[in-house]
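Working notes, beginning with the structure itself.
No value in this document is a laboratory result; all are computed from the given coordinates. Nothing here was measured: the structure is a model prediction, and the numbers come from that model. Methodologically, a virtual Cβ is constructed for each residue, glycine included, from the backbone with ideal geometry; neighbour enumeration extends over all protein chains shown.
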Amino acid sequence: MSQYVTFTLDGTLYGIDVLRVQEALRSHTRTRVPLAAGDVAGLVNLRGQVVLTVDLRTRLGITDRLGEREPMMVVVKTGGEVVSLLVDEIGDVVDVGPESFAAPPDTLDPEMRAVIRGAHKLDGRLLLVLDVDQAVAA
């Protein structure tokens with residue numbers, strides 16, 4: 001069995017291995033980083049630790065956020081660092097078995113395919129498993 005912290009982006013369900021997630025919380029005030037890539041949303045102060053924030057919508061080529069709803073943050077560990085990922089909404093922790101896992105769907109955009117490890121078929125929904133290292137590296 002594997003456990004994933006789930007979140008949504010533009011109505012699509014994604015998951016990150018629970019062992020990679022430090023915490024999930026409401027968005028904090030971000031400080032812009034001059035000359036940073038477009039998917040870098042800024043820096044946040046998490047209890048005295050300065051953390052880079054990556055906007056997953058921008059990173060995955062999803063259209064800009066609609067409405068005034070503030071994004072949520074999933075704080076993950078990658079390469080010995082802590083990074084915050086902006087997402088639309090935090091979901092539950094789900095347990096899935098290896099029998100529901102499949103390769104990433106062929107219909108995924110090539111840019112998105114690079115950061116998706118695979119998919120789990122849940123009841124009436126697909127859970128796309130995010131490769132945190134690839135999502136942050138780009």
Exercise. Any residue at all in region 80-90 that is of a type in the set (S, T, Y) and under 19 Å from R20 (Cα atoms)?
Worked result: yes
For this session: Only residues that are surrounded by 10 or more Cβ atoms within 10 Å (Cβ to Cβ) and assigned to a loop (DSSP other than H, G, I, E, B): list them for region 37-48, please.
Result: A37, D39
Problem set entry | P34 vs. criteria without any contact (Cβ under 8 Å) to a residue 24 or more places away in the chain, surrounded by 10 or more Cβ atoms within 10 Å (Cβ to Cβ) and either within 15 Å of the chain's Cα centre (by Cα) or outside any strand (DSSP E or B) (or both) | no
Problem set entry | Matching entry among D88, D95 (being touching a residue at least 12 places away in the same chain (Cβ under 8 Å) and under 17 Å from the mean Cα position of the chain (by Cα)) | D88
Exercise. How many of the residues making up region 52-102 are surrounded by 15 or more Cβ atoms within 10 Å (Cβ to Cβ) and in a loop (DSSP other than H, G, I, E, B)?
Worked result: 5
Exercise. What is the one condition in (1) on the phi > 0 side of the Ramachandran plot; (2) without any contact (Cβ under 8 Å) to a residue 60 or more places away in the chain; (3) exposed (fewer than 13 other Cβ atoms within 10 Å of the Cβ) that D10 does not satisfy?
Worked result: (2)
